[in-house]
1. With an 8 Å cut-off on Cα pairs and a minimum separation of 6 or more residues, tell me the relative contact order of segment 1-89 in percent.
2. Return the percentage of antiparallel bridges among DSSP beta bridges fully within segment 1-116, rounded to the nearest 5 %.
3. Size of the dipole of segment 1-152 about the Cα centre, Lys and Arg at +1 and Asp and Glu at -1 on the beta carbon, nothing else charged, in debye to 20?
4. Determine the principal axes of the Cα atoms in segment 93-172, then give the extent along each, sorted from largest to smallest and rounded to whole angstroms.
5. Using a Förster radius of 22 Å, what is the FRET efficiency between residue 164 and residue 9 based on their Cβ-Cβ separation? Nearest 0.05, please.
6. Work out how much length residue 34 to residue 1 would gain on full extension: take 0.36 nm times their residue separation and subtract the Cα-Cα distance, in nm to one decimal.
7. Say each of residue 81 and residue 101 gets a label point 7 Å from the Cα, pointing the same way as Cα to Cβ; how far apart are those two points in nm?
8. Accessible area per residue of segment 1-110 at 1.4 Å probe, in Å²?
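The values are calculated or read from the model by the stated rules, or taken from the named source; none is laboratory data. Bear in mind the structure is a predicted one, so any value in this text is a computation, not a measurement. A quick note on method: Cβ atoms are made from the backbone with ideal geometry, for glycine too, and the neighbour counts reach across all protein chains shown. Note: accessible area is taken over every heavy atom of the protein model, side chains too, but ligands, DNA and RNA are not part of it. Shrake-Rupley method; radii C 1.70, N 1.55, O 1.52, S 1.80 Å.
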Amino acid sequence: MISSETFKRIKAVVLDVDGVLTDGRAGYGAAEEIKFFNMRDGHWMKLAMRAGLKVGLLSGRGSEANRKRAAELGLSFIYENCKDKLEGFERLLAEHGLRPEECLYIGDDVIDLPVLRRAGVAVAVADAVPELDEAADFRTQLPGGHGAVYEAIRRLLIEQEKLDSVMERYRR
C-alpha cells in the first residue's frame, strides 16, 4: 500500500502516450497519423497543473498528434522518440530540477518498466501488460485512452489534499 506521504512528495505527472493517453491504436491517412485522446483525461491534466503540478509526456514515438495535444493542454514538457525511456526520464529530471521520487509515472508496456521502477509513484493502466505488476504501485480500473489518467490524477489530488481547491470553481 502506497502512503499518503509518498503521494505528497509528487511534483510532476509523467505520462506515456500510446496506450495511456490513447487506447494504443493509431490510424494512418493520406496526410497524418490519427490518434484519439480522452477529453476527461485532458481536463484532469489541466486540473493537476492548476494544483501546481507539472504534467507532461514521455513517449517512445514522435507524433504530430502528440505535439498538438501537448500544446492544446499547455503541458509542462514533452519528450518524444525516447527509445530508451529511462534515458529520457533522466533528461527530464535534470532539465526540470526534479528527483525521481517527485514523479508519478503512468505506463502500459514493458518499455515503461525502467521508469516505473524509478518513479516515486508507479502506475499501470488497467489494460497494461502483466509484466508491469512487478514495478507498479497500483493499476487503474480504467484502461488507457478511456480515463486511466483521470483516475490516477484524481487519486493523486485526493492524497495531496488538493481536490477540494481545484473543484471550487465548479461548485458555484
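1. 28
2. 15
3. 620
4. 44, 31, 18
5. It comes out at approximately 0.65.
6. This chain segment gains 8.1 nm when fully extended.
7. The two pseudo-label positions are separated by 3.5 nm.
8. Result: 47 Å² of accessible area for each residue.
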